Amino acid sequence: MASDSKGQSLSTRLIHAKKNDGAGFESLSMPTYRGSTTVFASVEDMDSPHPGQYRYGLSGTPTHRELSARLAEIEGASDVILTPSGLAAISLVMLAFAKTGGHMLLPASAYYPTLAFADGKLRELGVEIEVYDPAIGGGIADLIRDNTLLIWTESPGSITMEVQDIPAISAAAHARSVPVAIDNTYGAGLLFDAFAAGVDISVQALTKYQGGHSDVLMGSVASRDPAITAKIARANYLLGMGVSPDDCQLVLRGLKTLDLRLRHMGESALTVAKWLQDRPEVTAVLHPALPDCAGHDIWKRDWTGSASIFSIIFGNWSREQVVRFVDALTLFPIGFSWGGAHSLVCTYKDLPRPTPELGPLLVRLNIGLEDPADLIADIEQALTQASSL
Ligand SMILES: *Cc1c(COP(=O)(O)O)cnc(C)c1O
């Protein structure tokens, strides 16, 4: 193999070449820094950990930290931990607070896998799980025990969209020194100020609005209290969860248009929801900005806007008609998740809420960035097809 003037072979030189540090190059986007190993200047540097030090890939690269900083800015948090999915963020927080012999409170309206993690894994580990009515408000005080570890909230609730009285729940929790976590995905940190409402931890599925294009999975855990942050960060480190810097780059790109997309989708969703309200086939529209929705008055008090997702109930239809309606839509692909450019539709044959009878007659719509007039025309033809069954 060829050797250079120092006598080192090409294989060595290719590995130890000095990197181009990018001096003089200015792009408008954050570079994607990769690194499983991050190197130390000296043994002393390695032996003296300090806050903010880059120690290993799992403690993040500048790309990760840029995303965390932007998300903290949106939510008014001091720290944001990134996780591989929204569900990973939820499980991380619950696990960080879990203790055998303890007790946790979760709303019946929570994202289904949230309930499944608590009621399955945490119960196995000896945590008592109690599910409460999402409309409980300050009445949560009666359910708090001396061993309550955490109160979980989600507002609006998944699928049935119940808006919770987070300030009342937080006040009752803090009177007993119990921390409150919220799944704040629907508001994206823009439509609801979770920390002003008193929560200690705000969890989001960045998969939805921040990613914004249905092509990346990620979650975040935002907090303000250093002790809470340290507890969750420690659990995250020990679980060894890491996030790809390429994915962080995608989410950073999504953030630039987050506010615009959310406002546009919010307006379109309300237009479609109001049109559906006047249709005879539809017996309820579960949209926080409309009066059929549980907690609508709380939404008016606490929220600055509504987002892209809502549900409708065909109370006088058969399940077959609901299925025909969903299959007949052409601009709404059938799929889980939401918050991207595409409109989406979902229905659930065994949904127990709002009642076991009405659950299978519920359809959830995500309104994307298409022209709402085209979406309404598509819904109208699907209603006609299903009505004639
Ligand atoms: C989608 C969703 C999650 C989970 O996010 P993933 O990134 O898909 O794991 C959590 N909470 C709510 C309310 C969601 O809608």
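The values are calculated or read from the model by the stated rules, or taken from the named source; none is laboratory data. Because the structure is a prediction, the values reported are computed rather than measured. Glycine also receives a Cβ, built like all others from the backbone with ideal geometry; neighbour counts cover every protein chain displayed.
Collect the residues in the range 284-309 that are in contact (Cβ under 8 Å) with a residue 60 or more places away in the chain and assigned to a loop (DSSP other than H, G, I, E, B), keeping them in residue-number order.
Once the filter is applied, which keeps residues that are in contact (Cβ under 8 Å) with a residue 60 or more places away in the chain and assigned to a loop (DSSP other than H, G, I, E, B), the range 284-309 yields His287, Pro288, Cys293, Ala294, Gly295, Trp303, Thr304, Gly305, Ser306, Ala307, Ser308.
Under 9 Å between Cβ atoms, which residue pairs at least 6 apart in sequence (or on different chains) link something in the range 324-335 that is over 15 Å from Phe314 (Cα atoms) with a partner that is acidic (Asp, Glu)?
Within 9 Å, the pairs are Ala328/Asp378; Leu329/Asp378; Thr330/Asp378; Leu331/Glu370; Leu331/Asp374; Leu331/Asp378; Phe332/Asp378; Ile334/Asp327.
For residues that are surrounded by fewer than 23 Cβ atoms within 10 Å (Cβ to Cβ) and in contact with a helix residue (DSSP H, G or I) (Cβ under 7 Å, 6 or more places away or on another chain), scanning just the range 277-301, find the one that is farthest from Phe192 (Cα to Cα).
Among those that are surrounded by fewer than 23 Cβ atoms within 10 Å (Cβ to Cβ) and in contact with a helix residue (DSSP H, G or I) (Cβ under 7 Å, 6 or more places away or on another chain), it is Glu281.
Given the criteria within 26 Å of Leu255 (Cβ to Cβ), touching a residue at least 12 places away in the same chain (Cβ under 8 Å) and buried (at least 23 other Cβ atoms within 10 Å of the Cβ), does Ala222 qualify?
Working: within 26 Å of Leu255 (Cβ to Cβ): yes; touching a residue at least 12 places away in the same chain (Cβ under 8 Å): yes; buried (at least 23 other Cβ atoms within 10 Å of the Cβ): yes.
It is true that Ala222 is within 26 Å of Leu255 (Cβ to Cβ), touching a residue at least 12 places away in the same chain (Cβ under 8 Å) and buried (at least 23 other Cβ atoms within 10 Å of the Cβ).
Being more than 16 Å from the ligand (Cβ to nearest atom) and touching a His at 6+ places or on another chain (Cβ under 9 Å) is the requirement here; does Asp193 meet it? Before the answer, list the steps.
Numbers: more than 16 Å from the ligand (Cβ to nearest atom): yes; touching a His at 6+ places or on another chain (Cβ under 9 Å): no.
No.
Residues are listed down the side, and each one gets a yes or a no for (1) more than 30 Å from Phe310 (Cβ to Cβ); (2) more than 16 Å from the ligand (Cβ to nearest atom):
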{"residue": "Lys121", "(1), (2)": "yes, no"}
{"residue": "Glu128", "(1), (2)": "yes, yes"}
{"residue": "Ile136", "(1), (2)": "no, yes"}
{"residue": "Asp142", "(1), (2)": "yes, yes"}
{"residue": "Val163", "(1), (2)": "no, no"}
{"residue": "Ile169", "(1), (2)": "no, yes"}
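What's the number of the only condition in (1) closer than 30 Å to Leu358 by Cα; (2) touching a residue at least 24 places away in the same chain (Cβ under 8 Å) that Lys274 fails to meet?
(2)
Only residues that are buried (at least 23 other Cβ atoms within 10 Å of the Cβ), without any contact (Cβ under 8 Å) to a residue 60 or more places away in the chain and of a type in the set (Gly, Ala, Ser): list them for the range 173-201, please.
Ala173, the sole residue that qualifies.
I'd like to know if the range 261-275 contains one or more residues that are among the polar types (S, T, N, Q), modelled with pLDDT of 95 or more and under 24 Å from Ala377 (Cβ atoms). Even if it seems obvious, please write down each step before you answer.
Restricting attention to the range 261-275, the residues satisfying the condition of being among the polar types (S, T, N, Q) are 268, 271.
Restricting the remaining residues to those that are modelled with pLDDT of 95 or more gives 268, 271.
With under 24 Å from Ala377 (Cβ atoms) added as a condition, the list becomes 268, 271.
Within the range 261-275, one or more residues are among the polar types (S, T, N, Q), modelled with pLDDT of 95 or more and under 24 Å from Ala377 (Cβ atoms).
Restricting the range 173-190 to residues that are of a type in the set (A, V, I, L, M, F, W, C) and in a loop (DSSP other than H, G, I, E, B), which is nearest to the ligand (Cβ to nearest atom)?
Our first condition is that a residue be of a type in the set (A, V, I, L, M, F, W, C); within the range 173-190, this holds for 173, 175, 178, 180-182, 188, 190.
With the extra rule that they be in a loop (DSSP other than H, G, I, E, B), the set shrinks to 178, 188, 190.
On the way: Val178: 21, Ala188: 11, Leu190: 15 Å.
Within the range 173-190, the match that is nearest to the ligand (Cβ to nearest atom) is Ala188.
Could you run through the range 198-221 and say how many residues are within 11 Å of the ligand (Cβ to nearest atom) and either within 20 Å of Pro156 (Cβ to Cβ) or of a type outside the set (Ser, Thr, Tyr) (or both)?
14
Identify, by number, the condition in (1) assigned to a loop (DSSP other than H, G, I, E, B); (2) crowded, with 24+ Cβ neighbours inside 10 Å that Asp215 doesn't meet.
(2)
Mind checking which residues of the range 39-53 are in a loop (DSSP other than H, G, I, E, B), modelled with pLDDT of 95 or more and surrounded by 11 or more Cβ atoms within 10 Å (Cβ to Cβ)?
Phe40
Does the range 29-39 include one or more residues that are charged (D, E, K, R) and farther than 22 Å from Ala235 by Cβ?
So in the range 29-39, the residues charged (D, E, K, R) come out as 34.
Narrowing the set further to residues that are farther than 22 Å from Ala235 by Cβ leaves 34.
Checked the range 29-39: at least one residue is charged (D, E, K, R) and farther than 22 Å from Ala235 by Cβ.
With Leu351, Leu365, Leu375 as the choices, which residue is hydrophobic (A, V, I, L, M, F, W, C), outside any strand (DSSP E or B) and within 16 Å of the ligand (Cβ to nearest atom)?
Details: Leu365 fails: outside any strand (DSSP E or B); Leu375 fails: within 16 Å of the ligand (Cβ to nearest atom).
Only one candidate qualifies: Leu351.
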